[in-house]
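The values are calculated or read from the model by the stated rules, or taken from the named source; none is laboratory data. Since the model is a prediction, treat every value here as computed from it, not as a measurement. Glycine gets a Cβ as well: all are built from the backbone with ideal geometry, and neighbour counts include every protein chain shown.
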Amino acid sequence: MTGFRLKSGGLINRSKQVTFSFDRRIYRGFEGDTLASALIANGVMLMGRSFKYHRPRGPVTAGSAEPNALVEVGEGARREPNVRATMLEISDGLTTKSQNRWPSLKFDIGAVNQSIAPFLVAGFYYKTFMWPKSFWEKVYEPIIRKAAGLGTASHEPDPDRYEKAYTHCDVLVIGSGPAGLSAALSAARTGARVIIADESTRLGGSLLFEDQKINGLSCLAWADAAINELKELENVQILTRTTVFGRYDGNVYGALERVQKHVTDPDNNKPAERNLRIFTRQTILASGAQERPLVFGGNDHPGVMQAGAVREFVVRYGVSPGRCAVIFTNNSSGYATARCLAENGVPVA
């Protein structure tokens, strides 16, 4: 199963081509692509290996919940491991590589672990590496430590700059889908100071790829109108590329803003990331829902994706995860995905 770029559609800028590399091979995508969508557009579905058995892995989601497509980004002092390919924006000169494999992603010696899986049950190392005691530190521990983990962090000093900042508001809205935008608009129209934060590159959430009507407008048209109104209001602060990661005493929230993490050649006068401490009176959680994957044999193989992720890749990024789709569903989301694929010229078996 290989993906491909659709002839039209998507919220990407097809007039601006972007060149990047993955495992030392040069690929091309468009401005607005994530690493995952650009690789899928180039027919690359295999993006990683599982932690223990080194089974082949590809993206199963299109956002921050992605457990499989984890890559190393950058080189030298700026090398960063375990970055989700579904969240990484591509830019000219971006260098990425797969991890947890040797000597290559397609031919991984570690995959031999699958053949001895009955001997590698959970916690086997606590019972296996007991004797002799003299091997604990000099033999067993180095082997286990080398096998553990996925990516490798850089040992060089980080050249980037980081900031921390404090900000205050009356209402903090976390998430910018239909609920988040509606809440932010309602609060802002009363004169309240509003901060709306979203981890994505742009506001909209599921509105960027769902096919519904809101007040007679398409999801995207309604979202654009709401966002434009929010931008015009002086009492609204919009934070994109910002992950709210914790709530603390006194209605204080921690957030991480990726200021230049998406830039290949960063400006030394700006921070790479900014750690925000947000003081708010009221908070609205509008972070959406996560799909629950169906359980069946082989559901971890590259090309098996959640229904919402398929729609997002097709509508938002203009790529199809495959030449023909087989949909296994127990709810209306599967039928919406089938319709989305059919409307974009992708056969559904």
**Report entry** Single residue of the stretch 132-183 satisfying the filter (among the hydroxyl-bearing types (Ser, Thr, Tyr), under 26 Å from the mean Cα position of the chain (by Cα) and closer than 30 Å to ARG57 by Cα) that is surrounded by the most Cβ atoms within 10 Å (Cβ to Cβ)
**Finding:** SER176
Report task. Go through the stretch 209-251 and give me each residue that's touching a strand residue (DSSP E or B) at 6+ places or on another chain (Cβ under 9 Å), of a type in the set (Phe, Trp, Tyr) and over 25 Å from PRO271 (Cβ atoms). Result -> TRP222
Query raised in the report: Among the residues of the stretch 290-349 satisfying the criterion of being in a loop (DSSP other than H, G, I, E, B) and among the basic types (Lys, Arg), which is farthest from GLN212 (Cα to Cα)?
Result: ARG323
Report task. Determine, yes or no, whether THR283 is part of a strand (DSSP E or B), at pLDDT 95 or above and either of a type in the set (Ser, Thr, Tyr) or surrounded by fewer than 12 Cβ atoms within 10 Å (Cβ to Cβ) (or both). Result -> yes
Query raised in the report: Can you name the residue in the stretch 286-308 that is loosely packed, with under 14 Cβ neighbours inside 10 Å and of a type in the set (Gly, Ala, Ser) and, of all such residues, is nearest to LEU256 (Cα to Cα)?
Result: ALA289
Query raised in the report: Do we have GLN260 as modelled with pLDDT of 95 or more and surrounded by 13 or more Cβ atoms within 10 Å (Cβ to Cβ) here?
Result: no
Query raised in the report: Which of (1) under 22 Å from ALA62 (Cβ atoms); (2) modelled with pLDDT of 95 or more; (3) among the small types (Gly, Ala, Ser) is the odd one out, the single condition SER186 does not satisfy?
Result: (1)
Requested in this report: Answer yes if at least one residue in the stretch 188-198 is under 21 Å from the mean Cα position of the chain (by Cα), in a strand (DSSP E or B) and closer than 27 Å to HIS168 by Cβ, and no otherwise.
Outcome: yes
Query raised in the report: Out of LEU276, LEU233, which single residue is assigned by TED's automatic domain parsing to the domain that holds VAL173, crowded, with 18+ Cβ neighbours inside 10 Å and either free of Cβ contacts under 8 Å to residues at least 60 places away in the same chain or on the phi < 0 side of the Ramachandran plot (or both)?
Result: LEU276
**Report entry** Neighbours by Cβ (under 6 Å, 6+ apart or cross-chain): first from the stretch 94-112, assigned by TED's automatic domain parsing to the domain that holds HIS54; second in a helix (DSSP H, G or I) and loosely packed, with under 15 Cβ neighbours inside 10 Å
**Finding:** TRP102/ILE109
Report task. State whether one or more residues within the stretch 190-210 are in the same structural domain as GLY10 (by TED's automatic domain parsing), surrounded by 12 or more Cβ atoms within 10 Å (Cβ to Cβ) and aromatic (Phe, Trp, Tyr). Result -> no
Query raised in the report: Taking the stated definitions as given, is SER332 hydroxyl-bearing (Ser, Thr, Tyr) and either buried (at least 16 other Cβ atoms within 10 Å of the Cβ) or closer than 18 Å to GLY9 by Cβ (or both)?
Result: no
